[in-house]
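S.K.: Got a structure for you, written out below as structure tokens; questions coming shortly.
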Amino acid sequence: MMRSKSVRRGRAIGLAAAVTVGLGLFSPGAANADTFIPLPGGSITRTLGDGTVVHLSLVNESAKISGSLGATPLHRNVWTSARVIADVSGPGASSAGIQLNPGYVVGCQVNLASLGTSEQDSEAAPTVSGGAITPAVPTIGTTETLTVAPGQAVTKYLLDIEQPDDYGNESHKKHPTVNGPHASVSWTDETFAVDGCAGYAQARAFTFADVSTSAGESIISVWGAPFSMG
Amino acid sequence: MSKFQVIGRRRPVHLAFMAVATMLAIGIWSPQAAADAFVRLPNGHIEGPGVKITSTGERAIISPSLAANGAGRTSWVSGNVTVDIDTPNGVVGPNNGAQNNAGTDDSSTHGSSGLTVGYLVGCQVALGSFGPSLGMSLSATPTVAVGLSFPISPGQVVWYQIDNKDMTKSGRYYLNYQDVPMDVQGCGGFAQARQFSVVEVVGADYHKVTLYGQPFSIG
């Protein structure tokens, strides 16, 4: 009985080792060289109801695949750079207010939430038969679980701008507010990451521009090209 | 009856053996403090629109955590960050600090330009509670349940802010810190950290620039 248990225990350790090696956890040394990805950006021009023209462009866009500090193949990390510019012309330009909400949609194919092995040994109660006690044959319940779920595409915004709301309470915005016909936001080496993605991961830049004039209110968006996070 | 008692004595020995093997496997029985490791880190520099960030004198001391179980580490970090900035004048509003939403690099502004310095800390493998869980209950029908579980999940990378500085007008600003402790607990793999410095410049042309230091191992 002792032997069979130690055999089982050895198997559990072997499994743990196999899992560890399988994830590549034993190679913490060499960080991969950063991979630079130039991206095309994007631009869009829209004429609003009152004749105001909004030109929204995403320029100088690039991404760098940089090793995550999690340092396993499950971790993905990119540094992104770009500039988004909004220019308003036409009848509403003098009264324009622009709010730029830059961000990235980060998608992962397979979400690996928890990798666990749990070995459960349960022994049935000794059974009493005819005055003599006979230990029952141990039943072995072994569960090795890998929790995998479909990954999700998550929208992550770049900015966190704190200001009091109308009642003086804490409020956080994802955009600066500019009163005037021109606004831009640039970012250099902003991190977007996924911890625990077991499949393909990709990301895509976007900016929602909220343009208001004295006579109109509009939301215009510009999207960059999707790119692999490695 | 006598046979039952024999089994009753043997099982605890067996359980103790398992517990010992488990502890040895994760190195719990080496509590003597290892010598502190001193890491000198290279200077860094980045320039963005209207912003220059320079990091100098960054260093870290890595020591085992007082938890002394191999899954906890402590590091003590020091550094100097200098910023040259060209910014519109700002007025600092009320604030409670950054919300640290994913994608914001743990930086926020509240009316004026700002500098945020901190560390990204990553762990390869997060350990849940690890160890033998022994459940033993005596009743009319004695049952023994032995469970050995080691839940593992991919480690997280967290943004840990050290300090920030509001920059209300153009000029040169400094942020210095010395021996700030950073703890990692329950990390079953390699753990590493890296400095980050974020400058956000307010105005119609908003800029956000991030400088990263070199990653270093914290054991």
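S.K.: Condition first: within 22 Å of A:Glu190 (Cβ to Cβ), in contact (Cβ under 8 Å) with a residue 60 or more places away in the chain and at the interface with chain A (Cβ under 9 Å from one of its Cβ atoms). Can you find one or more residues in segment B:72-88 that meet it?
M.R.: No; the residues of segment B:72-88 include none that is within 22 Å of A:Glu190 (Cβ to Cβ), in contact (Cβ under 8 Å) with a residue 60 or more places away in the chain and at the interface with chain A (Cβ under 9 Å from one of its Cβ atoms).
S.K.: Identify, please: which residue in segment A:78-91 is surrounded by fewer than 24 Cβ atoms within 10 Å (Cβ to Cβ) and more than 24 Å from the chain's Cα centre (by Cα) and is, among those, farthest from the other protein chains (Cβ to nearest Cβ)?
M.R.: The extreme case among them is A:Pro91.
S.K.: Right, here's the next one. With respect to A:Thr35, determine if the residue is at pLDDT 95 or above and out of contact with any Ser or Thr (no Cβ under 8 Å at 6 or more places or on another chain). Working first, answer last.
M.R.: Values: at pLDDT 95 or above: no; out of contact with any Ser or Thr (no Cβ under 8 Å at 6 or more places or on another chain): yes.
Answer is no for this residue.
S.K.: Which one of these is more than 12 Å from chain A (Cβ to nearest Cβ), at pLDDT below 85 and within 29 Å of A:His75 (Cα to Cα): B:Gln185, B:Gln156?
M.R.: Exactly one residue qualifies, and that residue is B:Gln185.
S.K.: Against the conditions (1) surrounded by 14 or more Cβ atoms within 10 Å (Cβ to Cβ); (2) within 27 Å of A:Thr45 (Cβ to Cβ); (3) within 25 Å of the chain's Cα centre (by Cα), where does A:His182 fall short? Just the number, please.
M.R.: Every listed condition holds for A:His182 apart from (3).
S.K.: Within segment B:56-113, how many residues turn out to be among the β-branched types (Val, Ile, Thr) and in contact with a Leu (Cβ under 7 Å, 6 or more places away or on another chain)?
M.R.: Of segment B:56-113, the ones among the β-branched types (Val, Ile, Thr) are B:56, B:61-62, B:74, B:77, B:81-83, B:85, B:87, B:91-92, B:104, B:109.
Add one more test, that the residue is in contact with a Leu (Cβ under 7 Å, 6 or more places away or on another chain), and what stays is B:81, B:83, B:104.
Count: 3.
S.K.: Return the pairs, sorted by first residue and then second, in which the second residue is surrounded by 12 or more Cβ atoms within 10 Å (Cβ to Cβ), the first residue lies in segment A:166-182 and is hydroxyl-bearing (Ser, Thr, Tyr), the beta carbons are less than 7 Å apart, and the residues are 6+ apart or on different chains.
M.R.: A:Ser171/A:Gln163; A:Ser171/A:Pro164; A:Thr177/A:Gly97; A:Thr177/A:Gln99
S.K.: Now, a different point. Tally the residues that are charged (D, E, K, R), under 18 Å from B:Glu47 (Cα atoms) and surrounded by fewer than 23 Cβ atoms within 10 Å (Cβ to Cβ), restricting the search to segment B:190-219.
M.R.: Number of matching residues: 1.
S.K.: What number of residues in segment B:181-215 are within 15 Å of the chain's Cα centre (by Cα) and either more than 19 Å from B:Ile53 (Cβ to Cβ) or not in a strand (DSSP E or B) (or both)?
M.R.: Number satisfying all stated conditions: 13.
S.K.: Follow-up question, since we're still on this one. Have a look at B:Thr143, B:Thr116, B:Thr87 and point out the one that is at pLDDT below 85 and either surrounded by 20 or more Cβ atoms within 10 Å (Cβ to Cβ) or over 24 Å from the mean Cα position of the chain (by Cα) (or both).
M.R.: On the way: B:Thr116 fails: at pLDDT below 85; B:Thr87 fails: at pLDDT below 85.
Exactly one residue qualifies, and that residue is B:Thr143.
S.K.: Please pick out the residue among A:Asp189, A:Asp195 that is under 17 Å from the mean Cα position of the chain (by Cα), within 13 Å of chain B (Cβ to nearest Cβ) and on the phi > 0 side of the Ramachandran plot.
M.R.: Going through A:Asp189, A:Asp195 in turn, just one is under 17 Å from the mean Cα position of the chain (by Cα), within 13 Å of chain B (Cβ to nearest Cβ) and on the phi > 0 side of the Ramachandran plot: A:Asp189.
S.K.: For segment A:32-77, enumerate the residues that are within 11 Å of chain B (Cβ to nearest Cβ) and outside any loop (DSSP other than H, G, I, E, B).
M.R.: Hits for segment A:32-77 are A:Asn60, A:Lys64, A:His75, A:Arg76, A:Asn77.
The values are calculated or read from the model by the stated rules, or taken from the named source; none is laboratory data. These numbers were taken from a predicted model, which means no experiment stands behind them. Using ideal geometry, Cβ is built from the backbone for each residue, glycine included, and neighbour counts are taken over all protein chains shown.
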